[in-house]
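One structure is given here, and the rest of the page talks about it.
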Amino acid sequence: SLNAHWGRWTSGSITEQDGTPTPINFSAGNQFHYIYGPLAPPTVVAAKTGSFALSQVFGTTPTNQLGQTGTFSTTASVNFTAQSVTFGATSFSFPSDTWSFPGGTTPIQIAAGKGAFIDQVVNGTCSGSTCLTSTPAVLGKTGIFMGPTGNHLGVGFQARTTSGPTAHAQTAKMFSCAPSC
């Protein structure tokens with residue numbers, strides 16, 4: 001009923017329209033996970049109050065730089081009064097590597113024409129045959145509140161190593177207030 005969509009591109013390419021347009025090719029080892037839907041009106045999210053647990057309701061199966069599929073784990077809650085979202089420890093697990101990141105709180109940002117969104121980066125590690133032992137890594141969490149009442153949060157999770165072997169992991173997940181907010 002929300003009319004949200006999610007998936008991953010595994011082939012084809014896009015061209016970034018920045019100062020120097022560069023094509024990005026997708027493949028089994030370089031996939032693009034996405035989630036989109038109707039934006040929540042930013043004024044609705046800004047006016048909400050209270051704290052609520054968020055439940056993962058759907059999303060993509062995580063993949064890494066080898067095209068392996070894996071598992072993903074995190075918890076989330078929203079505090080509309082404080083205008084923040086808190087994530088618990090976050091992890092990816094694949095046959096070749098495991099990623100671990102601490103939890104943290106990020107502010108809800110409100111922007112006319114852009115909706116209500118979050119954008120957070122946390123430091124962690126990647127371990128395993130492709131990452132070696134405790135390779136430093138970062139996890140970006142970018143999300144947007146969706147639906148007419150702002151009860152859904154779509155989040156893209158993108159991890160990458162910051163030194164040592166180049167590796168990455170990603171997924172896109174939809175969270176919903178449990179039972180409502």
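What to note about this one:
- Cα-derived Rg to Rh of segment 15-62, Kirkwood definition: 1.14
- Rg and Dmax, both from the Cα atoms of segment 1-159 and both in Å, are 16.7, 48.
- q = 0.29, 0.33 Å⁻¹: log10 I(q)/I(0) that the Debye formula gives for segment 122-169, counting C-alpha atoms only: -0.97, -1.13
- Note that the chain presents 47 Å² accessible area per residue, ligands and nucleic acids not counted, probe 1.4 Å.
- Between S73 and S27, residue separation times 0.36 nm minus the direct Cα-Cα distance comes to 14.1 nm.
- Percent of Cα pairs exceeding the 23 Å cut-off, where the set is segment 32-120: 34 percent
- Enclosed volume per residue, in Å³, of the convex hull spanned by Cα atoms of segment 95-181: 109 Å³
- Across every pair of non-identical alpha carbons in segment 1-41, the mean reciprocal distance, once inverted, gives a Kirkwood radius of 12.1 Å.
The values are calculated or read from the model by the stated rules, or taken from the named source; none is laboratory data. All of these numbers come straight from a predicted model, not from anything done at the bench. Heavy atoms of the whole protein, side chains included, go into the accessibility calculation; ligands, DNA and RNA do not. Shrake-Rupley method; radii C 1.70, N 1.55, O 1.52, S 1.80 Å.
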